[in-house]
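**Q** Pasting in a structure now, in structure tokens, and then I'll have a few things to ask.
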Amino acid sequence: MEIKITRTSKPLPKPDSSKLGFGKIFTDHMCICEYSTAEGWHNARIEPFRNLSLSPASMVFHYGQEMFEGLKAYRTDDGRILLFRPDKNVERMNNTNARLCIPYLDPDFTLNAIKATVKIDADWVPSEPGTSLYIRPFIIATDPFLGVHPSHTYMFIIILSPSGSYYAAGLNPVKIAVESEYVRAVKGGTGFAKVGGNYAGSLIGQQKAEEQGYAQVLWLDGIQHKYIDEVGAMNVFFKINGEVITPSLEGSILPGVTRRSVIELLRDKGFTVSERRISIDEVYQASENGTLEEMFGTGTAAVISPVGELVWNDKHIIINNSEIGPVSDMLYKQLTGIQWGKIEDKYGWTVKVI
Ligand SMILES: *Cc1c(COP(=O)(O)O)cnc(C)c1O
């Protein structure tokens with residue numbers, strides 16, 4: 001599908017790249033594509049960023065038929081702009097679409113649309129260390145209809161947001177609260193899919209954690225409240241007695257691109273990595289007997305987020321003296337090195353936009 005381009009006649013001034021934060025500033029353009037049963041996906045275009053005009057009856061507002069993705073474009077020192085494994089995001093998009101009865105998107109078209117949108121707003125990819133351009137593709141159901149049914153019309157949109165360094169003050173271990181009342185997902189539900197509804201249901205747990213002075217929530221499985229699922233918008237890893245463990249993908253966990261890359265990197269470097277169930281009891285026992293070496297989260301936003309403290313039913317544990325462990329540190333340097341083009345990409349993970 002061709003993408004028609006209309007450039008803005010009023011480009012905005014670029015923000016100060018030392019004060020970007022996350023998700024508040026948007027670029028000059030956006031990509032939009034529409035779907036109807038008769039025409040399939042059609043009318044793909046890049047146009048000036050603007051507000052949408054939708055019927056208040058649009059299905060997305062009522063039953064939440066919405067999906068999204070998240071990836072970044074990185075500027076290298078020699079002036080290239082790189083994406084990190086975008087084919088994995090595009091593949092995951094269609095897995096999410098299938099679960100939500102949203103029509104399949106052609107992967108080549110989707111990747112081209114992402115690249116073309118980043119290319120038009122290439123000047124918006126910041127260059128300060130640690131900064132990037134966050135890419136948010138998403139799809140909404142637009143039938144003006146209050147019945148519970150998959151929509152017959154959709155909009156696929158890509159917006160871009162320059163984002164600041166996640167670790168402006170250096171790689172800092174976070175404190176995490178284990179949630180034992182609310183759950184995020186169950187097998188058979190939508191936990192493996194990237195959908196807004198998963199987040200709507202998780203806000204209350206996040207709020208509770210923040211009230212207690214914790215940065216994020218560690219979610220346990222939805223049935224026994226015993227096995228570890230994941231953290232907020234990150235997958236989790238533990239290093240216990242030399243073994244690196246991450247919860248296996250059984251339907252309730254988002255299969256992160258960063259998670260997969262970490263597993264591949266660690267195995268390549270000779271670590272033993274197990275994808276298996278791990279209970280919160282096992283983690284607390286390991287802490288007690290001194291074998292819990294490291295814990296960290298993985299995701300596009302933070303890359304690697306070392307965890308320094310857990311609280312579960314008022315029991316606190318401190319991990320690795322609340323310091324960054326050697327594995328977290330190595331992974332952070334390797335992944336960010338590849339993403340910003342500073343070290344050789346021997347796995348072929350990066351895709352050049354410019
Ligand atoms: C996006 C997301 C992740 C991280 O996935 P990446 O592809 O590594 O960015 C983890 N958990 C949830 C719930 C997510 O939405």
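Taken together, the values in this text are just the output of simple stated rules run on the coordinates, not laboratory data. Computed from a predicted structure; not experimentally measured. Backbone-built Cβ (ideal geometry, glycine too); neighbour counts: all protein chains shown.
**Q** How many residues are surrounded by fewer than 23 Cβ atoms within 10 Å (Cβ to Cβ) and either within 17 Å of the chain's Cα centre (by Cα) or in a strand (DSSP E or B) (or both) when one looks only at segment 138-157?
**A** Number of matching residues: 5.
**Q** Consider only pairs whose beta carbons are under 6 Å apart and that are at least six residues apart or on different chains; among these, list those whose first residue lies in segment 232-253 and is within 18 Å of ARG184 (Cα to Cα) and whose second residue is among the charged types (D, E, K, R) and part of a loop (DSSP other than H, G, I, E, B).
**A** Close Cβ pairs satisfying both conditions: SER248/ARG276; GLU250/LYS187; GLY251/LYS187; SER252/LYS187.
**Q** Now, a different point. Restricting attention to segment 158-187, and to residues there that are of a type in the set (Ser, Thr, Tyr), within 15 Å of the ligand (Cβ to nearest atom) and in a loop (DSSP other than H, G, I, E, B), which single residue is farthest from ALA98 (Cα to Cα)?
**A** Per the criteria, the residue is TYR166.
**Q** Restricting attention to segment 255-270, and to residues there that are surrounded by fewer than 17 Cβ atoms within 10 Å (Cβ to Cβ) and within 14 Å of MET330 (Cα to Cα), which single residue is farthest from the ligand (Cβ to nearest atom)?
**A** Top of the filtered list is GLY270.
**Q** Looking only at residues that are within 26 Å of GLN339 (Cβ to Cβ) and away from the ligand (no atom under 14 Å from the Cβ) in segment 214-247, which one is nearest to the chain's Cα centre (by Cα)?
**A** ALA215
**Q** Give the residues of segment 67-101 that are within 20 Å of ALA193 (Cα to Cα), away from the ligand (no atom under 16 Å from the Cβ) and touching a residue at least 24 places away in the same chain (Cβ under 8 Å), sorted by residue number.
**A** From segment 67-101, those within 20 Å of ALA193 (Cα to Cα) are 67-72, 84-101; that's our starting set.
Next, only the ones that are away from the ligand (no atom under 16 Å from the Cβ) stay: 98, 101.
Within segment 67-101, CYS101 is the sole residue that qualifies.
**Q** Right, something else. Which ones in segment 301-354 are in a strand (DSSP E or B) and aliphatic (A, V, I, L, M)?
**A** VAL303, ILE304, VAL307, LEU310, VAL311, ILE317, ILE318, VAL351
**Q** When segment 170-190 is examined, which residues are found to be more than 23 Å from VAL311 (Cβ to Cβ) and either among the hydrophobic types (A, V, I, L, M, F, W, C) or touching a residue at least 40 places away in the same chain (Cβ under 8 Å) (or both)?
**A** VAL186, LYS187, GLY188, GLY189, THR190 - these are the residues of segment 170-190 that are more than 23 Å from VAL311 (Cβ to Cβ) and either among the hydrophobic types (A, V, I, L, M, F, W, C) or touching a residue at least 40 places away in the same chain (Cβ under 8 Å) (or both).
**Q** Moving on. Against the conditions (1) touching a residue at least 24 places away in the same chain (Cβ under 8 Å); (2) farther than 18 Å from ASP121 by Cα, where does THR6 fall short? Just the number, please.
**A** The one condition THR6 does not meet is (2).
**Q** Within 23 Å of ARG7 (Cα to Cα), without any contact (Cβ under 8 Å) to a residue 60 or more places away in the chain and crowded, with 22+ Cβ neighbours inside 10 Å: does that describe THR110?
**A** Spelling it out, THR110 is indeed within 23 Å of ARG7 (Cα to Cα), without any contact (Cβ under 8 Å) to a residue 60 or more places away in the chain and crowded, with 22+ Cβ neighbours inside 10 Å.
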